[in-house]
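Written below as C-alpha cells is the structure these notes are about.
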Amino acid sequence: MEPIEQVVAMPRIGDKAPEFKAVTTQGEINFPNDYKDKWIILFSHPADFTPVCTSEFMTFAKMEPEFTALNCQLVGLSIDGLYSHIAWLRTIQEKIEFKGMKNIEVKFPLIEDISMEVAKKYGMIQPGESSTKAVRAVFFIDPKGMIRAIIYYPLSMGRNFDELKRALIAMQTADTFGIATPADWRPGDDVIVPTAGSCGVAKERMENKDDITCSDWFFCTKPLPLEKVKTK
Ligand code: BEZ
C-alpha cells in the first residue's frame, strides 16, 4: 500500500501568521510576537553553503538598512542546524565576493529548522521540488501579524530583491492612502482609485473631478507624488 501523504494546510493571504519559537543566529525568537508593530519578511532558502542562497543572503544583508528604514524585519530560515548557519555566515563574510559585494555581515536572524517544524507550518516544503529542502518562499507579514503576500520560487532561481522591496512599499502605500497599485507600479507613478461602489459615485467619477482621471467608471487613477510615498 502507498504511504499516506500528510496534507499540511499552507497559510494563505489574509491568515494570521502561524506562531512559533525558534533558535536563530541572533538568539531565540518568538515569532511573530517579537516583531510587534513591524512588517516582517520571513523567507526560506534550500540549504546553507549553496551558491544561489549565498548570493541571496549577501543581497538581502546589503539591503537590510533599506528594509529597516521601511519598518521591516528580515527573518531567514533553512532546514540546517545552528552551527552550519554560523559557519556559512562566517564564510560569506570572510571569503565570498559577488557583484562588488564583499565582507558582508548577515545581521538578521537565520532560523535553524532541522526538525522542519516551521518549514512545514509555513508550507515551505513542496515535495514535488524537494522533500528535504525548503523552496524559496517569501511571506510578507504586516504589523498586525497578518499574512499579506506570499511569493514562491523554485530551488534554481534566485529572488529579485528589488521586487521584494517594491512589493513591501506597494502594500504600505496601499494601506496609508487607501489606493491600489497598477501593473509595474513604482513609487511616483499614478495609483488606482478604488472602484466605485455605487451608481452615484460611478457618475461622479466620470466627471473627472479633482485629480482623478477615469477612462471608464471602473478604471480611475490619480497622481501620488513620489515625495508622499515612504520609500526610505
Ligand atoms: C543554491 O542555492 O545554489 C541551490 C540550492 C538548492 C538547489 C539548487 C541550487
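The values are calculated or read from the model by the stated rules, or taken from the named source; none is laboratory data. Remember, it's a predicted structure, so these values are computed and weren't measured experimentally. With ideal geometry, Cβ positions are generated from the backbone for all residues, glycine too; neighbour counts draw on all protein chains shown. Just the protein is used for accessible areas: all its heavy atoms, side chains included, with ligands, DNA and RNA removed. Shrake-Rupley method; radii C 1.70, N 1.55, O 1.52, S 1.80 Å.
Hey, what did the chain get for relative contact order, percent, Cα under 8 Å, at least 6 apart?
Values: 409 pairs, mean separation 48.3, N = 232.
Reported as a whole number, the value is 21 percent.
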Hey, what number do you get for the chain at 222 nm if only DSSP H runs of n ≥ 4 count, each worth -39500 (n - 2.57), divided across all residues, to the nearest 500? -8500 deg cm²/dmol
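I want the local charge near C214. Using Cβ-Cβ distances under 15 Å, sum +1 for each Lys or Arg and -1 for each Asp or Glu among the other residues. Kindly include the intermediate steps, with their values, before the conclusion.
Working: positive: K203, R205, K209, K222; negative: D190, E204, E207, D210, D211, D216.
Local charge sum for C214: -2.
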Accessible area of segment 20-175 divided out per residue, in Å², using a probe of 1.4 angstrom: 44
Among the lysines, which have Cα under 20 Å from the Cα of K203 when same-chain residues fewer than 8 positions away are ignored? K222
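Of all the accessible heavy-atom surface of the chain, with the other protein chains kept in place and a 1.4 Å probe, what percent is carbon and sulfur?
Working: 6760 of 12690 Å².
About 53 percent, which is the carbon plus sulfur part of the accessible surface.
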Provide the net charge surrounding A69, with neighbours chosen by a C-beta distance below 14 Å and charges set as Lys +1, Arg +1, Asp -1, Glu -1. +3
Using a Förster distance of 22 Å, the FRET efficiency for E227-F161 (Cβ separation, nearest 0.05): 0.35
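So what's the net charge close to M171: Lys and Arg +1, Asp and Glu -1, counting the other residues with Cβ under 9 Å from its Cβ?
Values: positive: R148; negative: D142, D175.
Result for the neighbourhood of M171: -1.
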Can you give me the angle between helix 161-177 and the longest principal axis of the chain, using Cα atoms only, in degrees from 0 to 90, rounded to the nearest 10? 40
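As a quick test, which of the pairs K107/K144; K107/K232; K21/K228 have an alpha carbon distance above 27 angstrom in this structure?
Numbers: K107/K144 24 Å; K107/K232 19 Å; K21/K228 38 Å.
In this structure, K21/K228 lie more than 27 Å apart at Cα.
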Run the dipole for the chain about the Cα centre, Lys and Arg Cβ at +1, Asp and Glu Cβ at -1, nothing else charged, and hand back the magnitude in debye, nearest 20. 280
Pseudo-spin-label distance N30 to E207, built 7 Å along Cα→Cβ, given in nm, is 5.5
Run the lone-cysteine check on the chain: no other Cys C-beta under 4.7 Å from the residue's C-beta. C53, C72, C199
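Roughly what % of DSSP beta bridges within the chain run antiparallel, to the nearest 5? Mind showing how you got there, number by number?
Details: 24 of 34 bridges.
Beta bridges within the chain, antiparallel portion: roughly 70 percent.
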